[in-house]
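Please read the structure below before turning to the comments.
The values are calculated or read from the model by the stated rules, or taken from the named source; none is laboratory data. Keep in mind that this is a model prediction, so the values were computed, not measured. So basically every Cβ, Gly included, is an ideal-geometry build from the backbone, and we count neighbours across all protein chains shown. Surface accessibility is based on the protein's heavy atoms, side chains included, excluding ligands, DNA and RNA. Shrake-Rupley method; radii C 1.70, N 1.55, O 1.52, S 1.80 Å.
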Amino acid sequence: MGTLVRGALSALYVGSARKCRTLLFDRRRLFSADVIGPSPHSEHAGTAAAGHGDDELYCRLYRTHIPTSPVQKALLAAGSGVAALLDPYRHDMVAVLGETTGELALRRLRDRMRGDPEGYQILQERPRIRVSTLDLERLGAMPDGSFGREYLRFLDENGVTPDSRVDVKFVDDEELVFVIQRYREVHDLMHTLLGMPTNMLGEVVVKWFEAVQTGLPMCILGAVLGPLRLSARRLQLLTATLIPWALRNGMNARCLLNVYYEQRWEQSLESLREELGIEPPPQL
Amino acid sequence: MASSGGVARTLCRLYYRFSVCRQCQRQVPNLSKTNRFAVSTRLYSEQRSTHFGFETVSEDEKTEKVYKVFENVAQKYDVMNDAMSLGIHRLWKDALMHLMSPTPGTLLLDVAGGTGDISFRFLDYIRFRQDREARRDTLSRQSASWQEITEAYQPGQSDTQGGVQAVVCDINKEMLKVGRQRAADRGYGTGLSWVVGNAEELPFDNDKFDFYTIAFGIRNVTHIDQALQEAHRVLKPGGRFLCLEFSRVSNPLLSRVYDAYSFQLIPVLGEVIAGDWKSYQYLVESIRRFPDQEEFKAMIEDAGFFKVQFHNLTGGVVAIHSGFKL
């Protein structure tokens, strides 16, 4: 009886926390007398799971989730912005900036994905682009000019791997976690489709494209502040040809998150570009 | 919902010690106390559970988890200390040294000394004292020859074991590595010894040291009473135990500000500067878990120390506890 009362009181507490989206789930579990302590698993596992039982009483929605208050998000956004500007190689700070500032844009993206049949399928099936899920040998065996072969060439030429993405930590909706993860994983594919290398110039061009397509504040910031680090000659090239081209593409092309790339490795790059509405990259 | 939350909060204030839910950032009843009781009556194994911040873990797990935390933070430890305390931690450590007022020839054991801040200050203080003595000596000798004056300016013979004046002991090798590097950078070559050891089971003989300090380390120890007993064992009779640790803020307004600062800002700083949110979340939670000034004083007295006192610094954010072995 005492445990039920305590459970009720603590449920009211958890209930009053604004950020808990799995509220209903937590409340139901809390009212079951067994679960006032750590989760039931800990009884069987003995010791190891005891530490995680507390988390289930609060609002962790996925393994790498760190629930944050609005104040913390604001501080994180400011701090990570400064850190990313000071040291552009801190990819984790760029990621944190994207997560903390991108909630509205991610929701809009998710709604666009839901509206498109292929995007809806992606949201249902949740494919991941990782070394473990990609069959790199199969991609290498494909004919030149096919999307898969060109993607592999891009990875090799620029020395990048699809596994280098940071975990999502500060997004408070489990579906939006997938959307932002998909956006990060599709970034390299955007490079391939746009034909841009991973040097500073190429990254800025892709950021402009992404800013128009996704509307994420982090992309907009990167697009606006990125050119500051370029030399004058490259800046001139950027403003004269590349940015207008990227903007045109961004506005005319289909939303690139709605494309089920895993089913299109055999398709030729030209036909994929035509289908998506992307002009071939200008000759530099 | 707001009103029921208010009633529940008032009720809970009566029955529970408050802690701040690390996820929801709301004050919630101290469920883990209930947890601990519930867990210990239900677990079949002999493993007792303890707290790791606001989580409940087994005692073995806690030692391991704390080790990992400090392994991760070792490289950025000093930068983060400055950022989190706005440099005030230096004043706290200086205050500890002034309270200690060591004289030349004494031997210090700095437990959980990791990056060496206390030991460096100890060496500086002793050197300063020695220089002062030497200067006073030469001043008092009115007609000293140049030879005598030169001899007087030699660094004083500290009659300790092999010239070692401070022993830094830490359970974590990464922290000691960083400490040794810092010592080399600052030129504290001789006079320091670096030992890997557990505060609950020190690798030293009885009655060895004049001073035992543990600065911001004892809250990470799984069995605090064992650490205190070990401290009593390795100190010489007449030796002094000093502990610098975060403690309870009594002023309610300052306490609210401090809580907001700890829970909102410090993990953010950890994420931005060190790329590690969770270690710094553990840090602020472990502070809330540590006993308050009076309770800790009682624990020190239980271990056999006499004339146990505490001094609050910065309104109780930090407290220095001191006791003597007689």
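Taking a point 7 Å from the Cα of B:Y67 along the Cα-to-Cβ direction, the residues of the stretch B:171-214 with backbone N closer than 20 Å to it are B:171-180, B:194-204. For the stretch B:155-250, the solvent-accessible area of protein heavy atoms averages 43 Å² per residue (probe radius 1.4 Å; ligands and nucleic acids excluded). Put simply, the stretch B:57-127 fits an ellipsoid with semi-axes of 27, 17, 10 Å; these come from the alpha carbon gyration tensor as the roots of five times its eigenvalues, largest first. Modelled this way, with points 7 Å down the Cα-to-C-beta line, the labels at A:D173 and A:H91 are 2.7 nm from one another. Calculate, for A:A240 and A:A74, the FRET efficiency according to 1/(1 + (r/R0)^6) with r their C-beta to C-beta distance and R0 45 Å; round to the nearest 0.05. Using R0 = 45 Å, I get an efficiency of 0.75. If you place +1 on the Cβ of every Lys and Arg, -1 on the Cβ of every Asp and Glu, and leave all else neutral, what size is the dipole of the stretch A:139-280 about its Cα centre, to the nearest 20 Debye? About 680 debye. Rounded to the nearest 20, the size of the Cβ-charge dipole of the stretch B:264-326 about its Cα centre is 160 debye, with Lys and Arg at +1 and Asp and Glu at -1. Listed by chain and number, the aspartates and glutamates placed with their C-alpha closer than 12 angstrom to that of B:K236 are B:D205, B:D207, B:D210; residues fewer than eight positions away on the same chain are left out.
Length gained on full extension, B:T314 to B:S250: 21.9 nm, using 0.36 nm per residue less the C-alpha separation. Label-to-label distance, B:D292 versus B:F306, with points set 7 angstrom from Cα along the beta-carbon direction: 2.9 nm. Relative contact order for the stretch A:77-134: 21 percent, from Cα pairs under 8 Å spaced at least 6 residues apart, divided by residue count.
Only lysines eight or more places from A:K207 in sequence, or on another chain, were considered; those with a Cα closer than 24 Å are A:K73, A:K169. If R0 is taken as 22 Å, the Cβ-Cβ distance between A:N199 and A:E270 corresponds to a FRET efficiency of 0.35. Distance between the 7 Å Cα→Cβ label points at A:E157 and A:L136: 1.8 nm.
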